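Chemist: One structure coming up, written as structure tokens, with questions to follow.
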Amino acid sequence: MEDPAWERELERRIRVYEQMEATGDWSGRLGSIDYFAMAALTVVFTLGPWIWVH
Amino acid sequence: MSENRDYRLAAERGDGPLLPSERLWGFWEFTYANAALAIATWAFLIGGAVGLFVGPKEGIAAIVIGNIIGVVITALATCVATGRYGVEQFVFLRSMFGANGSRLVYVLAVVFLTLGWLAVLGLMFGHSIDGLQTLMAGGEVSAAPATGGKVIVAACGAILLTWFIVAKGPTSIKFFNMIVAPALVVLMVVMMALILSKHSFSELMAMGPLDPPFDNKTVNFIIAIEVNIAAGMSWWPYLGNLARLTKSERVATWPNLIGIFGAAVLGEIVGLLAAVALGNSDPTIWMAQIGGILVGIVALAFVAFANITSMANILYTSLIGLRQVGTAGVRAIGWELLCFLFCIVPLLLVIFTPGVYDGFFKFLVWTSALNSALAGIGIADYFVLRRQRLDLRALHAPTTDSAYGFWRGFNPIGLFSLAVGFSVYVSVFNPLSLAHAPAFLYLTASIPSCLAAGLCHLGLTRAFARRLGWGAYPARPGGRSVSPATSR
């Protein structure tokens, strides 16, 4: 987009994220517990039905 | 104030990242939006298709196994990054395929998928109307071939009606969505109650499949799982752009496991049980038989209506994306004309290949050959190579200035890896003939395709990309990348 006003707005938006990245201020970031829980859930929903039918 | 609103609208359309304060959806809002997307008539179709291969017990297991694998992989590949940075999904893809490569992926993954689904759902509408007419005339609905003239005319009418609705804008679509999703849940509960009133749970679990293609039960079971992994992965083109509207990375990811997974499993199980209990995988046939004439008329009328809503949803989403990734020439085409141009191929498919409805699961599985490879590349690139860090400036810079410019806007490594993943898929499992390699019985086809594409992308990027100056990949784990666009 060639609009200078939008370019400034885009820059502002990018800086917000750069600031968050610099300060590590990512609220609601997925942590190792989330990934572990997701993996565990996948294993349970895969092995559980598999065992049920075999 | 007005200018701020315009900027926010531009960001919502995908021109820039949405700020955390602009995100609309919390956990339950996103769960509802996901469930509304997944609770659609295609759930009945997929459930019925599963009933062709395996009986209800194995079918329920295959539905749960396939969907959890497909949804988790797809959510990791698309929702984590878009949920963190608020970027449009195909803008995010520039980091792994380049801007032009992202356009190519859009055409392959979204346009083809949408064209196919428009034709399938249009034909389902045609069958519903045909069945409705027969019931109202006091007749009995039979498994008529999809090539019937009335069905094709009604299917074309459905596609043209969808064009008309989408051409008018999104307001009517949102209204229909608010009615259709909860009403479909009610319909599913009624259907389930009707099935259980005629057959006990143990009777249902003892039933066999409708039309198993192989004598080997394990092969049929794995094909049923593969169909469901394909169903889970078929959300790949859509999930990222919904996830960017959520308030955080965690909110962008977990609701998929309730909304998409839970709702799709519920709908497919109803479709499976009804198909096996009534002896036909086509929802427009078993709905007409399940509860007498009155229930049949209401159910078929509602399914016809719900199909139009689903068609409008996917057409609208695809067109929004097309304008985002499209060239200036595409953006210059008027909205109504673009809508109509998009409808031409589905119309031709309906007229010349109406059999696509009966073999729709083959089309669904074909899409997984692509989606599984895309998911593998997405996970390898974002989590392993980039360590979950994106250069937003490079994502939004013109190709010539961008650190994600790769080679003329294409990342040859990403696209080659996509081809590798696709090739692995079709060499392990042929969706058309259902022929399969021995490895299919242990790994399915989507999982090796996902792994092959991801590992190929990882290996080739580490070997060549940094040396060629492609993609501004960090030099070491956690390292900051320096890009031409960033350093300017």
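The values are calculated or read from the model by the stated rules, or taken from the named source; none is laboratory data. This one's a predicted model, so the numbers in the text were calculated from it and none came from an experiment. With ideal geometry, Cβ positions are generated from the backbone for all residues, glycine too; neighbour counts draw on all protein chains shown. Ligands, DNA and RNA are excluded from the accessible area calculation, which covers all protein heavy atoms including side chains. Shrake-Rupley method; radii C 1.70, N 1.55, O 1.52, S 1.80 Å.
Chemist: Suppose R0 equals 22 Å; then what is the FRET efficiency for B:Asn216 and B:Leu443 from their Cβ-Cβ distance, rounded to the nearest 0.05? Write out the running numbers ahead of the final one.
Modeler: Values: r = 16 Å, r/R0 = 0.74.
With R0 = 22 Å, the Cβ-Cβ based efficiency is 0.85.
Chemist: Nearest 10 degrees is fine. How inclined is helix A:4-23 to the longest principal axis of chain A, computing both from alpha carbons?
Modeler: 50 degrees
Chemist: Okay, next question. Could you order peptides B:86-98, B:25-37 by the average number of other Cβ atoms within 10 Å of their residues, highest first? Don't jump to the answer; show the numbers that get you there.
Modeler: Numbers: B:86-98: 27.5, B:25-37: 19.6.
Packing order, densest peptide first, comes out as B:86-98, B:25-37.
Chemist: Sorting check: for B:319-329, B:413-423, B:61-71, B:341-351, which peptide has the highest mean count of neighbouring beta carbons within 10 Å, and how do the rest follow?
Modeler: Highest mean packing first, the order is B:61-71, B:413-423, B:341-351, B:319-329.
Chemist: Have a look at B:Leu322, B:Ser102, B:Ala263 and report the one farthest towards the positive end of the charge dipole of chain B, computed about the Cα centre with Cβ charges (Lys/Arg +1, Asp/Glu -1).
Modeler: Checking the options against the dipole of chain B, the answer is B:Ser102.
Chemist: Rounded to a whole number, what % of the accessible area of chain A do carbon and sulfur atoms account for, probe 1.4 Å?
Modeler: The computed percentage sits at 64.
Chemist: Could you give the size of the charge dipole of the range B:199-291 about its Cα centre, using +1 on the Cβ of each K and R and -1 on the Cβ of each D and E, expressed in debye and rounded to the nearest 20?
Modeler: 500 debye
Chemist: In Å², and per residue, what accessible area does the range B:21-359 have when probed at 1.4 Å with the other protein chains present?
Modeler: 33 Å²
Chemist: Follow-up question, since we're still on this one. How large a share of the accessible area of chain B, in percent, is made up of carbon and sulfur atoms when the probe is 1.4 Å and the other protein chains stay in place?
Modeler: Carbon and sulfur atoms account for 67 percent of the accessible area of chain B.
Chemist: How many partner chain Cβ atoms sit within 10 Å of a residue's Cβ in peptide B:153-163, on average, as a whole number?
Modeler: Averaged over the peptide's residues, the number is 0.
Chemist: Okay, next question. For B:Lys362, give me every one of the lysines with a C-alpha distance below 25 angstrom, ignoring sequence neighbours fewer than eight places off in its own chain.
Modeler: B:Lys57, B:Lys150, B:Lys217
Chemist: Set Lys and Arg Cβ to +1 and Asp and Glu Cβ to -1, take the dipole of the range B:329-464 about its Cα centre, and tell me which of B:Ala435, B:Leu390, B:Gly421 lies farthest positive.
Modeler: Farthest along the dipole direction, towards plus: B:Leu390.
Chemist: Can you tell me the length gained on complete extension of the stretch B:Ile351 to B:Val384, counting 0.36 nm per residue apart and subtracting the Cα distance?
Modeler: Fully extending the segment from B:Ile351 to B:Val384 adds 7.3 nm.
Chemist: Using +1 on the beta carbon of Lys and Arg, -1 on that of Asp and Glu, and nothing else charged, what's the dipole of the range B:21-359 about the Cα centre, debye to 20? Display every interim value, and only then the final one.
Modeler: Numbers: 15 positive and 15 negative charges, 210 e Å.
So the dipole magnitude of the range B:21-359 works out to roughly 1000 debye.
Chemist: Between B:Phe201 and A:His54, what FRET efficiency comes out of the Förster formula 1/(1 + (r/R0)^6) with R0 = 25 Å and r the beta carbon distance, rounded to 0.05?
Modeler: The calculated FRET efficiency here is 0.80.
Chemist: Which translational diffusion coefficient, to the nearest whole µm²/s, is obtained for the range A:4-53 from the Stokes-Einstein equation, given a Kirkwood hydrodynamic radius over C-alpha pairs, 25 °C and 0.890 mPa s?
Modeler: For these conditions, the coefficient is 171 µm²/s.
Chemist: Moving on. When Cβ neighbours within 10 Å are restricted to other protein chains, what is their mean count per residue of peptide B:390-400?
Modeler: Mean partner-chain Cβ count within 10 Å for B:390-400: 3.
Chemist: For chain B, find the longest principal axis of its Cα atoms and tell me its angle to the long axis of helix B:112-136, 0 to 90°, nearest 10.
Modeler: Rounded to the nearest ten degrees, it is 20.
Chemist: Also, I was wondering about something else. What's the magnitude of the charge dipole for the protein assembly as shown around its Cα centre, counting Lys and Arg as +1 and Asp and Glu as -1 at the beta-carbon? Answer in Debye, nearest 20.
Modeler: 1380 debye
Chemist: Could you work out, residue by residue across A:21-30, how many beta carbons of other chains sit within 10 Å of that residue's beta carbon, and then give the average as an integer?
Modeler: 5
Chemist: Modelling each spin label as a point 7 Å along the Cα-to-Cβ direction, I'd like the B:Val189/B:Thr400 distance in nm, to one decimal.
Modeler: Computed distance between label sites B:Val189 and B:Thr400 equals 6.1 nm.
Chemist: Another question, if that's okay. Could you tell me how many degrees, from 0 to 90 and to the nearest 10, lie between the Cα long axis of helix B:56-85 and the main elongation axis, the longest principal axis, of the Cα atoms of chain B?
Modeler: Compared with the principal axis, the helix lies near 30 degrees.
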